[in-house]
Amino acid sequence: MQPSSILLALLSLVAVLGLILAAGRVARTGLLARRLPGGGRISLVQVVALDPRRRLHLVSCDGRHVLLLTGGGQDLVVGWLDRPPPAAEPAP
């Protein structure tokens, strides 16, 4: 190999590594995936792994929560959870 081709390969490697680092910084600042202000109407609250295939998801939608079972033979809506009772105001 010629010394010039080794130098060209090293410069190319440095350029590629620099582009990878720059893309990582851009991704961390959130410029690639913009999120909706206020979080939107649907959000994932919690996920529990039941076994290696199945997971139980707690999803919030418009202030209510729903349990979803995924990963089995079919995905299943376990049910909507009741809203918590409003806090009782103290008597004067």
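The values are calculated or read from the model by the stated rules, or taken from the named source; none is laboratory data. It should be emphasised that the depicted structure is a prediction, and the values quoted were computed from it without experimental measurement. Quick reminder, even Gly has a Cβ in these numbers, built from the backbone with ideal geometry, and neighbours come from all protein chains shown.
Just a few scattered comments:
- For the range 1-50, the candidate set comprises residues that are modelled with pLDDT of 80 or more and assigned to a loop (DSSP other than H, G, I, E, B); within that set, the residue that is nearest to Gly71 (Cα to Cα) is Leu50.
- Yes/no for Leu68 being at pLDDT 90 or above and out of contact with any Ser or Thr (no Cβ under 7 Å at 6 or more places or on another chain): yes
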